[in-house]
Amino acid sequence: MRPIILLISLCLTFASGPFALAEANFSPRSAKPFSDPNYFPLAVWLQSPSRASEFRKAGINTYVGLWRGPTERQLADLKSAGMYVICHQNAAALAHLSEPTIIGWMHGDEPDNAQSKGQGQGYGPPILPEKIIADYQKIRAADPSRPVLLNLGQGLAYDNYIGRGVRRNHREDYPEYIKGCDIASFDIYPVVNESKEVSGKLWFVAQGVERLAKWSRGEKLVWNCLECTRISNLERKATPHQVRCEAWMSLIHGSRGLIYFVHQFKPTFREAALLDDKEMLAAITELNKQITELAPVLNSPSLKEKARVESSNSEVPIATMLKRHDGATYLFSVAMREGKTTAEFKLEGIPETYSVQVLGENRSLKLDKGVLRDDFDIWDAHIYKIGPLP
């Protein structure tokens with residue numbers, strides 16, 4: 001009986017102790033810098049802090065993951081570059097709990113995938129959600145002031161992903177995994193994906209974001225990863241236009257943080273391949289600039305049922321998000337399938353005298369009795385700012 005009594009006592013102590021109180025009162029949106037309306041997370045995955053200043057010039061403001069870190073040197077380099085980091089909670093990190101450079105903690109990557117047994121030993125099952133939840137509790141107990149990020153694999157968006165092994169087609173696992181984090185993220189790279197079910201279908205990015213938002217019931221921050229290199233595909237690589245489309249698909253469907261995957265593994269390994277790609281780097285820099293300028297808008301609540309859209313091409317539906325900020329209305333829109341169409345937006349409560357600017361495109365449109373019409377080319381995304389004439 002004694003072991004059982006002791007176990008019950010420990011469980012009661014833990015449940016009523018300071019960690020439980022901190023967890024109950026904790027919201028990732030209240031932690032710094034997440035409470036700043038001007039901060040929108042634009043991150044890179046597992047990059048050397050020695051390149052932080054280069055990524056900063058491209059509009060990146062956050063690192064996610066540090067190779068064999070964090071170390072004292074890595075943290076110093078990131079602080080010098082004015083870069084935030086979400087990293088593992090090792091001894092070096094715990095020695096810097098007062099350091100604002102560290103804004104969050106992270107689990108190991110993709111626990112939902114089949115796990116390697118070691119070289120030549122094959123793969124075992126994914127890590128159980130119970131283990132992720134238990135690890136989350138330990139991380140939060142050590143520091144209840146920062147959110148914990150969990151990045152999941154492509155099985156979250158693509159049910160038939162073979163990389164999940166014995167848990168392939170077990171969608172029900174994911175709401176359980178999400179219980180073990182404050183920031184729920186995932187990755188899928190449709191352009192370079194080898195599966196015919198996914199290849200070229202950019203909307204898998206939006207599908208994953210939508211699932212995270214639904215399964216987390218609005219209690220977690222939702223982030224996702226984006227492709228911007230060929231990774232391991234020798235035949236295909238996303239174009240800047242496709243990456244921009246994936247980004248706005250993500251944001252319109254509820255993502256509140258983007259993580260760029262910038263590695264290349266084939267034909268040669270390049271850790272920061274984005275920095276060597278002038279065309280893509282320029283496009284990502286411009287995209288990040290626009291997102292950063294719109295951060296207060298993106299961080300504001302969305303307006304529900306105030307905008308309706310009809311597409312002239314039924315094969316190309318248009319997804320939208322509507323927000324109001326500082327006296328202006330912002331309509332975000334993106335084509336969800338590959339093809340051309342004309343969209344007709346019906347907006348409620350917008351005066352006829354208001355002007356419509358298409359942000360980043362140096363053009364304007366007119367409202368016609370609350371109706372806005374615009375053309376969409378392949379994988380287009382348009383952002384409209386609607387407000388009083390200057």
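Worth a mention:
- Carbon and sulfur %, accessible surface of the chain computed with the full protein complex present, 1.4 Å: 53 percent
- For the chain, calculated [θ]222 nm from helices alone, where every DSSP H run of n ≥ 4 adds -39500 (n - 2.57): -8000 deg cm²/dmol
- A Förster radius of 45 Å, combined with the Cβ-Cβ distance separating PHE265 from LYS32, puts the computed FRET efficiency at roughly 0.80.
- Rg and Dmax [Cα atoms of region 133-270; Å; Rg one decimal, Dmax integer]: 15.4, 47
- Under Karplus coefficients 6.51, -1.76 and 1.60, residue-wise ³J(HN,Hα) of region 127-135 in Hz, glycine/proline x: 5, 5, x, 4, 5, 4, 5, 5, 5
- Across region 321-328, rounded Karplus estimates of 3J(HN,Hα) from the backbone phi angles (6.51 cos²θ - 1.76 cosθ + 1.60, θ = phi - 60°) give 9, 10, 9, 10, 8, 6, x, 10 Hz, Gly and Pro being marked x.
- A simple packing score, the average count of other Cβ atoms within 10 Å per residue, orders the peptides 183-191, 293-301 as 183-191, 293-301, with the highest score first.
- Choice from GLU72, GLU286, GLU176 showing the highest fluctuation, given a GNM over the chain with Cα pairs closer than 10 Å: GLU72
- Rounded to the nearest 10 Å², the accessible area of LYS289 at probe 1.4 Å: 110 Å²
- Approximate spin-label separation THR353-GLU176, in nm, with each point projected 7 Å along Cα-to-Cβ: 6.0 nm
- Cα-based Kirkwood hydrodynamic radius, the chain, one decimal, Å: 22.3 Å
- Shape call, region 227-347: gyration tensor on alpha carbons, a/c limit 1.5: oblate
- Accessible surface, per residue, of the chain when the full set of protein chains is kept, probe 1.4 Å, Å²: 48 Å²
- Cβ-based net charge around ASP36, under 14 Å, with every Lys or Arg adding one and every Asp or Glu removing one: +3
- Region 280-363: C-alpha gyration tensor shape, a/c 1.5 cut-off, then a/b vs b/c: oblate
- Most mobile listed residue (GLY118, GLY165, GLY370) in the chain, GNM with C-alpha springs under 10 Å: GLY118
The values are calculated or read from the model by the stated rules, or taken from the named source; none is laboratory data. This one's a predicted model, so the numbers in the text were calculated from it and none came from an experiment. No Cβ is skipped: glycine too gets one built from the backbone with ideal geometry, and neighbour counts run over all protein chains shown. Just the protein is used for accessible areas: all its heavy atoms, side chains included, with ligands, DNA and RNA removed. Shrake-Rupley method; radii C 1.70, N 1.55, O 1.52, S 1.80 Å.
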